[in-house]
Amino acid sequence: MVDSRRIGIAFSGGASPSEIVDCVRLAESLGYESAWVAEGHGGDQFAVLAACAAQTSRILLGTSITSVFVRTAPTIAMAALTVDDLSGGRFILGIGSSHKVQVEGEHGVPYAKPLTRVRETVELIRRLARDGRVRFHGETFSTEKFDLWFTPRRRALPIYVSAVFPKMAVLCGEIADGIILTRSTLHTAAGIRSHLAEGALRVGRQPGEVTVTSLLPIAVGDTRQQALNALRPGLAFYAGFFPRYNRLIAAHGFTNEAAAIAAAWARGDQNAAERAVSDALIDATSIAGTPQHCRERVEAYRRSGIDLPIVSPFARGPGAKARFEMAIRACAPSHDKGR
């Protein structure tokens with residue numbers, strides 16, 4: 001049965017760290033199940049979530065996502081267990097392989113064997129949380145000895161893994177408590193669930209043990225066109241800068257748009273990249289429109305097989321906080337009361 005009240009809110013920059021805390025407090029007051037903070041250029045996600053933990057009491061708090069390359073596995077484990085303690089056991093660790101263009105280009109860290117790195121990071125974190133100490137020798141990293149100098153509030157943290165393509169989705173079926181999708185269409189969940197089932201079967205799990213979530217870019221406007229235009233720059237950036245997302249857009253059936261965006265981005269023409277983003281592409285992979293339209297779209301994603309829709313407003317510059325708040329209010333579970 002579809003739970004029409006499950007919804008999350010995600011932040012990927014634009015609002016300042018203190019503004020994100022304010023927005024998470026608002027989301028909690030309106031009945032959101034969870035709040036998620038991305039890694040990247042928008043502030044340290046664990047510090048922001050620790051501040052959110054101090055200002056809230058019920059809402060779940062998660063990372064979407066932490067890169068398994070730019071922090072060591074013990075560092076990720078300590079940060080996760082710290083926020084879990086500060087939040088009273090409300091933390092979800094969302095991790096993923098990130099992107100070569102970010103890991104190498106922005107952090108100067110070698111990017112290799114992403115699936116193995118994710119698998120080994122999850123294993124180390126679970127062992128360290130459970131036992132308080134770990135010795136680990138894997139293919140992608142080794143830890144001779146690491147021990148915690150505090151007792152975790154919970155010995156088993158929920159770990160969600162981000163996936164875009166089948167191989168990582170199958171791995172999620174094997175090892176993850178949840179899967180974090182992004183820029184899904186209404187056809188994504190069905191295929192993903194088959195990959196999750198494949199992975200789960202390998203290790204004797206039930207596919208239903210894996211919660212299916214998706215980050216859904218959203219813009220709320222007075223008109224549909226206004227909202228569509230607000231999302232165009234973000235989609236151009238993601239499909240232009242990140243090769244994996246460009247492949248995802250093509251896999252969704254927008255091969256011409258994907259090629260045009262990539263070509264424009266490669267020659268440094270951001271305006272042309274934005275012009276190549278069609279309304280149909282935005283509409284297929286995002287939520288854009290009036291508050292009523294956005295709520296209907298969230299429901300459509302739920303019916304398509306997404307257990308937890310996570311709306312992710314795209315907002316940069318002055319007024320970013322107000323645009324986040326608009327999206328939070330538009331899609332709040334409180335709208336469902338009395339149905």
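Counting other Cβ atoms within 10 Å as a rough exposure proxy, the listed residues Asp147, Asp307, Asp84 run Asp147, Asp307, Asp84 from fewest neighbours to most. Dipole orientation for segment 120-262: of the candidates Leu228, Pro207, Leu128, Leu128 has the Cα lying most toward the positive pole (charges on Cβ; Lys, Arg +1; Asp, Glu -1). The aspartates and glutamates whose alpha-carbon is closer than 18 Å to the alpha-carbon of Lys113, local same-chain residues fewer than 8 away aside, are Glu104, Glu123, Glu139, Glu174.
In what sequence do Leu235, Leu308 fall when counting other Cβ within 10 Å, fewest first? If you can, show how the numbers build up before the last one.
Details: Leu235 26, Leu308 20.
Ascending number of Cβ neighbours within 10 Å: Leu308, Leu235.
The relative contact order of the chain, computed from alpha carbon pairs under 8 Å that lie at least 6 residues apart in sequence, is 20 percent.
Here the gap between Ala251 and Arg155, fully extended at 0.36 nm per residue and compared with their Cα-Cα distance, gives a gain of 30.6 nm. Taken over segment 105-164, the percentage of Cα pairs per 10 Å bin, counting from 0 up to the bin with the maximum distance, is 19, 43, 32, 6.
How would you rank His195, His293, His137, His187, going from fewest to most other Cβ atoms within 10 Å of each one's own Cβ? If you can, show how the numbers build up before the last one.
Details: His195 21, His293 17, His137 9, His187 13.
Neighbour counts put them in this order, fewest first: His137, His187, His293, His195.
In plain terms, the chain from Ala112 to Ser16 could stretch by 31.3 nm, reckoned as 0.36 nm per residue minus the Cα-Cα distance. Between segment 67-128 and segment 193-257, the C-alpha centres lie 21 angstrom from each other. Dipole magnitude for the chain: about 440 debye, using +1 per Lys or Arg Cβ and -1 per Asp or Glu Cβ, origin at the Cα centre. Take the Cα of Ala263, step 7 Å toward its Cβ, do the same at Glu299, and the gap between the two points is 4.2 nm.
Using the Cα atoms of segment 80-180 to build a convex hull, what is its mean projected area in square nanometres?
With the hull built on Cα positions only, its mean projection is 7.0 nm².
For the chain, the mean residue ellipticity at 222 nm estimated from helices alone is -15000 deg cm²/dmol, where every DSSP H run of n ≥ 4 contributes -39500 (n - 2.57) and the total is divided by all residues, rounded to the nearest 500.
In plain terms, if you count all Cα to Cα distances in segment 140-260 and split them into 10 Å steps from zero, the share in each step is 12, 31, 29, 20, 8, 1 percent. Shape class for segment 201-323: oblate, because the ratio a/c of the largest to smallest gyration tensor axis (alpha-carbon atoms, square roots of eigenvalues) is 1.5 or more and b/c is at least a/b. Positive contributions from Lys and Arg (+1) and negative ones from Asp and Glu (-1), summed over other residues with Cβ under 13 Å from the Cβ of His137, come out at -1.
Here each label is just a point 7 Å from Cα along the line to Cβ, and for Arg275 and Asp131 those points are 6.0 nm apart.
Take every Cα pair under 8 Å whose residues are at least 6 apart in sequence, average their separation, divide by the length of segment 111-206, and the relative contact order is 21 percent.
The mean sequence distance of close C-alpha pairs (under 8 Å, at least 6 residues apart), as a share of the length of segment 194-290, puts its relative contact order at 35 percent.
For Arg224 and Ala322, the difference between the fully extended length at 0.36 nm per residue and the C-alpha to C-alpha distance is 33.5 nm.
No value in this document is a laboratory result; all are computed from the given coordinates. Keep in mind it's a predicted model, so treat the numbers as computed, not measured. Note: ideal-geometry Cβ built from the backbone for every residue, glycine included; neighbour counts use all protein chains shown.
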